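As C-alpha cells, the structure follows; a few thoughts come after it.
The values are calculated or read from the model by the stated rules, or taken from the named source; none is laboratory data. Quick caveat, the model's predicted, so the values are computed rather than measured. Backbone-built Cβ (ideal geometry, glycine too); neighbour counts: all protein chains shown. Note: areas computed on protein heavy atoms with side chains; ligands, DNA, RNA excluded. Shrake-Rupley method; radii C 1.70, N 1.55, O 1.52, S 1.80 Å.
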Amino acid sequence: PLAWARVLAWVGILAALALGCAVQDSGPQRPKAVRGVLDLRGWDFQKDGPLRLDGEWEFYWQQLLRSEDFRCDASQPRDVEYLAVPGSWTGQVVKGEHLPGHGYATYRLRLLLDRPMTGLAMKVETAGTAYAVSVDGNPVAANGRVGISPEAHHAEFRPQVFNIPSVGAESEWVFTLSNFSYRKGGPWNPVSV
C-alpha cells in the first residue's frame, strides 16, 4: 500500500508539472524571423508584451553596412547568408568556410508591423564584443566601438535598454558588430523589443 501511495504521488506531481507547462505555453504564438523578415502583424505589444527578435537574420560577413547601402546598391546582388539570432558567428559555415571568432559583420532584420509605432525600447544583454544598431536608418544604440581591425575596435560588455523613437510599418533594423577581443563573436544573447 505504501509503494502504491508513492507511485500515485509521483504521477500526481508529473501531471501537475505537465499541466503547468501547458498553461504557460497557452499565450500568443511568438513569431520568429524567417530569412531576414519578422512578421509582427497582429502582435499587440500592450497586450502580448515584449518580444525577442529571434530567428534568421540576414548576415553579411566582413562588411559593415548601413541602411543606405541596401537602398543605393539594390540593383547589385549581395552575398546574403542567414544566421540565427541569438547565436555566435564563430564556427558557422559561410561560403564553405568556418568563421573565426575575430572579425566583423552586419546583421539585418526587417520587421512587418500593423502600423508605424512609437514608444518601443530595445534590450540588448551583451554581444561580442562591440555593436551599433540603427532602426529605419537612424542610429539608436551603440556599445563599444565597431571597427574593421583590432586597432579600430573597442570592446565593451554592457547590457543596455535603448529607446526607439519611432518605427515604420515596414521597419529595417541593422546591427553591425565587431570582435577582436574574445574567442566568440556575434549577438549571442537575445535582442528584445
Just to make sure I understand: if all protein chains stay in place, what is the order of Trp89, Trp61 by accessible area at 1.4 Å, largest first?
Trp61, Trp89
Any chance you could run the full-extension gain for Arg183 through Ala121? It's 0.36 nm times the residue separation minus the Cα-Cα distance, nm to one decimal.
19.4 nm
What's the FRET efficiency of Gln29 with Ala152 using the Cβ-Cβ distance as r and R₀ = 30 Å, to the nearest 0.05?
0.10
When the accessible area of the range 82-186 is split by element with a 1.4 Å probe, what percent falls to carbon and sulfur?
51 percent
Can you list the HN-Hα couplings for the range 124-137, worked out from phi with the Karplus curve (6.51, -1.76, 1.60; θ = phi - 60°), rounded to whole Hz and with x for Gly and Pro?
10, 4, 7, 9, x, 10, 9, 8, 9, 10, 10, 10, 6, x
Straight-line reach from Lys123: which aspartates and glutamates have Cα under 16 Å away, leaving out those fewer than 8 places along the same chain?
Asp54, Glu156
Placed amide H near Glu172: partners under 5 Å, 5+ positions off or other chain:
Leu111, Asp136
For the range 66-193, the per residue accessible area (1.4 Å probe, Å²) is 49 Å²
Within the range 134-154, what residues put their amide N at less than 18 Å from the label point 7 Å along the Cα-to-Cβ vector of Asn163?
134-136, 138-142
Sequence of Met117, Met122 when ordered by accessible area, the most exposed leading, probe 1.4 angstrom:
Met117, Met122
What is the set of long-range amide H partners of Gln92 at a cut-off below 5 Å, with H atoms built 1.01 Å from backbone N?
Leu99
